[in-house]
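Participant: Okay, here's the structure, questions in a sec.
The values are calculated or read from the model by the stated rules, or taken from the named source; none is laboratory data. Nothing here was measured: the structure is a model prediction, and the numbers come from that model. A quick note on method: Cβ atoms are made from the backbone with ideal geometry, for glycine too, and the neighbour counts reach across all protein chains shown.
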Amino acid sequence: MFPLLAVVSAMPLWAWAAFFVFIAAMLALDLGVFQRQAHVVGMREALAWCVVWALLAVGFAGLVWWWRGPETGQQFLAAYLIELCLSVDNVFVFILVFAYFKVEPRYQHRVLFWGILGAVIMRGIFILVGVGVIARFHWVLYLFGAFLLYTGIKLALPAKDNDEVDPSKNIAVRFFRKHFPVTDQFHGERFFVEEQGRRVATLLFIVLIVVETTDLVFALDSLPAVLAITSDGFVALTSNIFAILGLRSLYFALNGIMQLFRFLKIGLAVILSFIGVKMLIAHWVPITTATSLGVIGGVLATSVLMSVLIKAPPKKD
């Protein structure tokens, strides 16, 4: 059987259907009811949605724990925490993207909604294919481990953030501009408009392309990270989706106070390096899921606490 089909068939069809129906209903409720009119998402609203998505994830983890046992429940929580860390790193880039293009705050939610919806589809394909490939070629885990270790070390080093969002270096944007007419102006929350009898893309759609391609890069980290925790396709995918769907609210909650979490990227680097080492030595020194969960939670809590307690040095004029 083709690996992807084997991964999907490992769980009852009703479980997959129930999960995706629930996610679709939540997205429809979000966009169709709470976000019907474009508006600036305030801190209180963003925090409320952060709590909602976190509670839903914890509730789902409890369901998995009860249904499939403590080990699987711990795998879900560990994978969810890792994806949450990577999502916070996404927020840094989103802030740069919106600042670069000068996107009005009231239109940012629309970009993030469709961008993250695309991310869910991409991550779903990547994870299910990845689980299937690992089931057939176990040695791929060592490549993933080496890649995560490299990524963790690279993340700990200083980098120039502006290069990440430069549209002149974005291959997808250049390709789209070459094959489709684009106006370098915003038209409210619209992605396409009619100009001189032809359909053209707005600058807001270019922003969406940048967001989508940026998440594609982050997905390369996400795939090996989650597969280091679990080879269960259902757990890997559902934990990933829960973390991604809370990303929009996380962005609006953290935007403007990201300086309070300046050690979070270092914490993420430590976590990715730990997971990479875990994959590389798994054959000789297996590390339990409970230990991984403790390390991930401890590093995350420590990095946030250090960011709050240790004040940043004053900027030199």
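Participant: Quick one: how many residues across the stretch 31-66 are part of a helix (DSSP H, G or I), modelled with pLDDT under 85 and farther than 18 Å from ILE121 by Cα? If you could, list the steps in order and put the result at the bottom.
Facilitator: From the stretch 31-66, those part of a helix (DSSP H, G or I) are 31-34, 43-66; that's our starting set.
Cutting the leftovers down to modelled with pLDDT under 85 gives us 31-34, 43-50.
Add one more test, that the residue is farther than 18 Å from ILE121 by Cα, and what stays is 32-34, 43-50.
The qualifying residues number 11.
Participant: Follow-up question, since we're still on this one. Is it the case that TYR142 is touching a helix residue (DSSP H, G or I) at 6+ places or on another chain (Cβ under 8 Å), over 24 Å from GLY233 (Cα atoms) and not in a loop (DSSP other than H, G, I, E, B)?
Facilitator: no
Participant: So which of VAL200, VAL211, VAL217 ends up being within 30 Å of ALA17 (Cα to Cα) and without any contact (Cβ under 8 Å) to a residue 24 or more places away in the chain?
Facilitator: Selected residue: VAL217, the only one of VAL200, VAL211, VAL217 that is within 30 Å of ALA17 (Cα to Cα) and without any contact (Cβ under 8 Å) to a residue 24 or more places away in the chain.
Participant: So, in the stretch 86-143, of the ones that are aromatic (Phe, Trp, Tyr) and in contact with a Pro (Cβ under 9 Å, 6 or more places away or on another chain), which residue ends up surrounded by the most Cβ atoms within 10 Å (Cβ to Cβ)? I'd like the intermediate steps shown before the answer.
Facilitator: So in the stretch 86-143, the residues aromatic (Phe, Trp, Tyr) come out as 92, 94, 98, 100-101, 107, 113-114, 126, 137, 139, 142.
Subsequent filtering for residues that are in contact with a Pro (Cβ under 9 Å, 6 or more places away or on another chain) retains 98, 100-101.
Numbers: PHE98: 22, TYR100: 15, PHE101: 16.
Among them, the one singled out is PHE98.
Participant: When you scan the stretch 255-277, do you find a residue that is of a type in the set (A, V, I, L, M, F, W, C) and within 30 Å of GLU189 (Cα to Cα), even just one?
Facilitator: Yes, the stretch 255-277 contains at least one residue that is of a type in the set (A, V, I, L, M, F, W, C) and within 30 Å of GLU189 (Cα to Cα).
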